[in-house]
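The values are calculated or read from the model by the stated rules, or taken from the named source; none is laboratory data. These figures come from a predicted structure and were not determined experimentally. Glycine also receives a Cβ, built like all others from the backbone with ideal geometry; neighbour counts cover every protein chain displayed. The accessibility values were calculated without ligands, DNA or RNA, using every heavy atom of the protein model including side chains. Shrake-Rupley method; radii C 1.70, N 1.55, O 1.52, S 1.80 Å.
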Amino acid sequence: MRELAIVKEIRKNESTGEDEIMVLPMIVNACATCRTGCAKQGKMFRVLNKTNLNLNPGTIVRIGHSKPMLAINGLFAFIGPIISAIIGFIFSDEVASLIFQKDFVQLHFEEIRATTTIAFLILTSAILFAISRSSIHFKTPEVYQIV
């Protein structure tokens, strides 16, 4: 996500009565190597104004997520695959018995356990990677400062 953005629209949300602030990310040095190109394509997105700053269309603002939310996301991205690998290790017998015959499982017990553990680790890492590269946002960014 970009740190700086230009306020493009401010409109009232009829159901909640709050202002919906639509911003366009500014092109900065990091954008030169980015492949998503949201600023180049002109994709606006919604941000929150929890501090009730006086915003007008054309205002340049600093946006981001709260520090506790960033810490939680970092911990989940680090601990999630490890916990998933442990779960894969614990449930490898059940997974193997669903897929293979009983005598094959007994013969290749260690290989199946290692493969299941690595598969769970890779699956969780791939899901987290896909979410981080998509346009899915679980929490709306906030305006922190007028620049």
- Message: If I model a spin label as a point 7 Å beyond the Cα along the Cα-Cβ vector, how far apart are those points for Arg11 and Ala114 in nm?
- Response: 5.8
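Excluding the sites themselves, what is the longest stretch of the chain that contains no trypsin sites (Lys or Arg not before Pro) in a DSSP loop with at most 15 other C-beta atoms within 10 Å? Don't jump to the answer; show the numbers that get you there.
Details: sites that count: Arg35, Lys43, Lys50, Lys139.
My reading of the result: 51-138 is the longest stretch.
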- Project the alpha carbons of the chain onto their principal axes and report the range along each, largest first, in whole Å. 70, 36, 25
- Net charge, Thr116 excluded, C-beta distance under 15 Å - Lys, Arg +1, Asp, Glu -1: -3
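Over 19 Å between C-alpha atoms is what I'm after, so list which of Lys8/Lys43; Lys12/Lys50; Lys43/Lys67 land there. Write down the numbers at each step before the final one.
Numbers: Lys8/Lys43 11 Å; Lys12/Lys50 15 Å; Lys43/Lys67 25 Å.
Too far apart for the 19 Å limit: Lys43/Lys67.
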- Message: Classify the stretch 39-121 from the C-alpha gyration tensor, please: rounded if a/c falls under 1.5, else prolate or oblate depending on whether a/b exceeds b/c.
- Response: prolate
- Determine the sum of side-chain charges near Phe89: Lys and Arg each +1, Asp and Glu each -1, restricted to other residues whose C-beta is under 15 angstrom from that of Phe89. -3
- Query: Based on DSSP H assignment, which helices of the chain show an axial Cα extent of at least 15 Å together with a mean Kyte-Doolittle hydropathy greater than or equal to -1.0?
  - Reply: 67-90, 109-133
- Task: Under 19 Å from a label point 7 Å along Cα→Cβ of Ile122: give me every residue in the stretch 65-89 with its amide N that close.
- Result: 80-89
- Note on the structure: Rounded to the nearest 10 Å², the accessible area of Thr51 using a 1.4 Å probe with every protein chain kept is 90
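Please list the equivalent ellipsoid semi-axes of the stretch 74-147, computed as the square roots of five times the alpha-carbon gyration tensor eigenvalues, in descending order and whole angstrom. List each step's numbers first, then the result.
Values: eigenvalues 296, 22, 13 Å².
Working through the eigenvalues yields semi-axes of 38, 11, 8 Å.
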- Any idea how far the Cα center of the stretch 83-147 sits from the one of the stretch 42-63, in Å? 37
- Between Glu94 and Ser134, what length comes free when the chain is fully extended (0.36 nm per residue of separation minus the Cα-Cα distance, one decimal in nm)? 11.1 nm
- Task: Obtain the nm distance between the two label points defined at Lys50 and Asn73 by a simple spin-label model: each point lies 7 Å from its Cα along the Cα-to-C-beta direction.
- Result: 1.3
- Compare Asn56, Asn73, Asn13 in a GNM of the chain, Cα atoms joined below 10 Å, and give the one with the largest fluctuation. Asn13
